[in-house]
Amino acid sequence: MVLDLTKSTVKALRGKLDNREISARELCSEYLEQINELNPHLHALLSVHEKEAILSAENADKAIAEGKSGALTGIPAVITDNIMTKGLATTCASKMLENFIPPYDAAVVEKLNGAGCVLLGKTDMNEFSVGGSPKSGAAVGAELAPFSLGTDTGGSLRLSAAFSGLAGLRPTYGRVSRYGLAAFASSLDQIGPIARTAEDCAVILNQIAARDMRDATSFQGGEDFTERIGAGVKGLKIVVPAEFFGEYVSAEIKNAVRNAAKELENQGAKVTEISVTMTEYALPVYYIISSAEASSNLSRYDGVNYGLKGSGNNYFEQITDSRNRGFGSEVKRRILFGNYVLSNENYELYFQKALALRRKIRAEYEEIFRTADAVLTPTVPSNSLDIPADDNPVKIYLADFCTVAPSLAGLPSVSVNCGYNQKGLPIGMSLTGRKFGEQTILQIADCFERIFQPDLFEEAL
């Protein structure tokens, strides 16, 4: 059987597996064939675990035959290369860790394995996820897998989804365990899914969200994130901050997101424009805090305990050589900036002020959610192809303008496709909810997708 992979949502594949229209082994093989054909050109995956994937698929078929299948049993997936996989390389797309083989699985990998999911491989990313993991969305968009798990620090998972016309969910901070995630900025990093639909993201979150004693920031949930899928938006209050439609945002994106807001209003939501005054501080606050935390987290890579072994006559020369050769330019830039804001003369001037402003950003969102159910904004201010790769780093950092505030506040946020620009490239909009508010934003995102992309919900051939 040959599937139409463009319509292969997690939900559709679940039905086909349970109805024995296709076996998990056959499904795995179809995706592996797609990977073998396209990945040499796309470079979306850094590693492909063909032998391990086939074995997992065969075990999934046994579970299905015994009536023991769950939501992800036999469903293929990929994960970013900063999530630990026991016995399989985890390089963080870096020279520093190019030969690192973890002795344990990350918590989310344990969850996927326990659910009978079939791990196909690991996606490429920016080094140590500094600047994001754009290939997570590319892998799903190119039909190399029906879903991926990526990481979101300042918005990279949501941006990756937006650029690929997919749904990408950053859960509430602490909703998903970070145990086994190579840390970039510990108070901001969060693991989440990228899939074809918000409904798929809800299904996946059900499997990976849980309290984990190995991650002190995680918490006990227990919600069914699919509970409100299909419920519509009648009576929900959605607010649209004017600050996210200013000079940094292209006209095409403004129009697409405003049109989406009108459609949600037509479906019965109450849409109101508001002002979020702390928005102007979010980007500098994010880069100060994230760089400070990165400089601390990345200091563990010294080439002694692990990492690229440096050359030299003493420890100082060895560690200098290890980091000079092991880290790329952007990682070095963040480390140096982080050290600068944490230095004795700058700590109060920059880092402490950034922490105070972060508290104000969080407080402003708490005030908004006293009456609102969701905040609607663009996901990215301009299309990826409009940002030259060799441009000034400060201009490139503006790509995070729309996404960093929810990250700083620790709030859940989902990006879904809401239009296309003149080049035919997708445009993403983001829905941010109150803390623990994943059910509501997924409900709204699902309602919009069923109107905007109804073909995703038709039976795959």
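Phi angles of region 348-353 translate, via the Karplus equation with coefficients 6.51, -1.76, 1.60 and θ = phi - 60°, into HN-Hα couplings of 6, 5, 10, 5, 5, 5 Hz per residue; Gly and Pro are given as x.
Rounded to the nearest 0.05, what FRET efficiency do Asn305 and Leu38 give with R0 = 35 Å and r taken as the Cβ-Cβ distance? Could you check? Efficiency, rounded to the nearest 0.05: 0.40.
The mean of 1/r over all distinct Cα pairs in region 181-246, once inverted, gives the Kirkwood hydrodynamic radius of 15.0 Å.
The magnitude of the dipole of the chain, with charges of +1 and -1 set on the Cβ of Lys/Arg and Asp/Glu and taken from the Cα centre, is near 880 debye. Ranking Leu425, Cys201, Thr172 by Cα position along the charge dipole of the chain, where only Lys, Arg, Asp and Glu carry charges on their C-beta atoms, puts Thr172 farthest toward the positive end. Here the chain was treated as a single set of alpha-carbon atoms; its pair distances binned every 10 Å from 0 give 4, 21, 32, 26, 13, 3, 0, 0 percent. Once you order the gyration tensor axes a ≥ b ≥ c over the Cα atoms, which shape class does region 276-353 get: rounded for a/c under 1.5, otherwise prolate or oblate by comparing a/b with b/c? Here region 276-353 falls in the prolate category. Spatially, region 177-209 and region 39-70 are offset by 20 Å when compared through their Cα centroids. Given +1 at the Cβ of Lys and Arg, -1 at the Cβ of Asp and Glu and no other charges, the dipole of region 135-292 around its Cα centre is 120 debye to the nearest 20.
List, in the order given, every pair from Lys11/Lys237; Lys11/Lys435; Lys51/Lys122 whose Cα-Cα distance in the structure shown is over 24 Å. In this structure, Lys11/Lys237; Lys11/Lys435 lie more than 24 Å apart at Cα. For the pair Ile451 and Ala65 in one chain, pulling the backbone fully straight at 0.36 nm per residue adds 135.3 nm over the alpha carbon distance. The region of the chain that goes longest without hitting one of the trypsin sites (Lys or Arg not before Pro) in a DSSP loop, each with at most 13 other Cβ atoms within 10 Å, is 69-210. Share of pairwise Cα-Cα distances greater than 14 Å in region 1-86 is 65 percent (whole percent).
Shown here is the pair-distance distribution of region 149-204: with all Cα-Cα distances grouped in 10 Å bins from zero up to the longest one, the shares run 27, 55, 18 percent. Within region 1-125, antiparallel bridges make up roughly 45 percent of the DSSP beta bridges whose residues both belong there. Using the Cβ-Cβ distance between Thr217 and Lys95 with R0 set to 30 Å, the FRET efficiency works out to roughly 0.50.
With an a/c value of 1.5 or above and a/b larger than b/c for the gyration tensor axes a ≥ b ≥ c computed over the alpha-carbon atoms, region 303-448 is described as prolate.
Read the figures in this text as sums done on the coordinates, not as results from a lab. Computed from a predicted model, the values in this text were never measured in an experiment. Don't worry about glycine lacking a Cβ; one is built from the backbone with ideal geometry, like all the others, and counts go over all protein chains shown.
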